[in-house]
Amino acid sequence: MFPNLKFPKRFSFTASIDWLCRHYFVNAGLRSVITDLGDVNNVTNMHCWVPKIHKASKPNLLLIHGFGANAMWQYGEHIRHFTARFNVYVPDLVFFGDSYTCSQERTELFQAACVVKLMHAHGVRKTNIVGISYGGFVGYSMAVQCPEMVEKLVLCCAGICLEEKDLENGLFNVSNVEEASSILLPQTPEKLKELMRYSFAKPAKAIPSFFLTDFINVMCKNYVEEKRELIKAILTNRQLSSLPKIAQPTLILWGEEDQIFPLELGYRLKRHIGNHGQLVIIKKAGHAVNLEQPKEFIKHLKSFLCDLYWSSPPSPS
């Protein structure tokens, strides 16, 4: 019935959910493709879910994931809302899923350049972008590097305007990169529980340890050191004064109770973007607003991405 799907070889709750997510993507008209970006010196292969049939009459939509399980888990239940209206592309960033590079580059600028090459390889020259958390860093960098490519941009709980000094000044619940990495890249059930407490306004309670261990073994063991380097790269020497501004129509979505990237960073980002941006705060939601308040998340994405008014920047109020 689903020839492109592989069932897990042994029972695993996490692998079973992953299989179900694959079913959502295949059923939505997407196919799984790995693309060699053609860098002879630093081999880079990127995995991406692409349309089985690209329709030139449709606009394009690029969905970029953040740190977490994988792109499928973050967009699995949302994908069906967009494939009828857009050609949807969902890549795994480098060192996530099936994407990998031999390059020593770890910045979001490098990640963005890789995604641009990937989209060009699939014939996409213009696209709308949704970036969740770390994916927002990458999407913003794409808007800076290739402004002619990005039509509209959605930044969801993306702490792009953070500064390195924010760690020392107590804006975050952590005080250094090592502590942040231990939470964002959990290797024990206790650390995964801590991540859930930071990610959700109302985290699930009494999750069995064997389920948490299974999740870690399936989702959190690959490229751990490389991902630590990615986290370090976005925090080191970061200053708002050196962050380029963008001109694309931008929707900023934020969970009111975000403990990973506090709401102050959402206000800061709105001020930085100015009249090209709109900030929407979603109540009863933490950092994982796309999972915790999916209906609100989709409602605002549809309104913004499909509204012709936002094809040009709004007038100053």
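The values are calculated or read from the model by the stated rules, or taken from the named source; none is laboratory data. Every value quoted in this text rests on a predicted model; they were computed, and no experiment measured them. Counting neighbours? That spans all protein chains shown, and the Cβs are built from the backbone with ideal geometry, glycine included.
A few points about this structure:
- Exactly one residue out of ARG85, ARG80 is under 30 Å from PHE261 (Cα atoms) and surrounded by fewer than 18 Cβ atoms within 10 Å (Cβ to Cβ): that is ARG80.
- Candidates ALA112, ALA71, filtered to the one that is free of Cβ contacts under 8 Å to residues at least 40 places away in the same chain, over 16 Å from ILE234 (Cα atoms) and crowded, with 20+ Cβ neighbours inside 10 Å: ALA71
- Near pairs, Cβ below 8 angstrom, 6+ apart or cross-chain, from the range 27-54 (in contact (Cβ under 8 Å) with a residue 24 or more places away in the chain and charged (D, E, K, R)) to any residue that is surrounded by 13 or more Cβ atoms within 10 Å (Cβ to Cβ) and not in a strand (DSSP E or B): ASP39/SER103
- When the range 140-182 is limited to residues that are modelled with pLDDT of 95 or more and surrounded by fewer than 19 Cβ atoms within 10 Å (Cβ to Cβ), the one that is farthest from PHE304 (Cα to Cα) turns out to be GLN145.
- Scan of the range 235-284 for residues that are among the aliphatic types (A, V, I, L, M), touching a Phe, Trp or Tyr at 6+ places or on another chain (Cβ under 6 Å) and within 27 Å of SER181 (Cα to Cα), ordered by number: ILE260, LEU263, ILE281
- Residue within the range 131-139 that is among the polar types (S, T, N, Q) and modelled with pLDDT of 95 or more present: yes
- Residue list for the range 176-203, filter: assigned to a loop (DSSP other than H, G, I, E, B) and over 16 Å from GLN259 (Cβ atoms): ASN176, LEU185, GLN187, THR188
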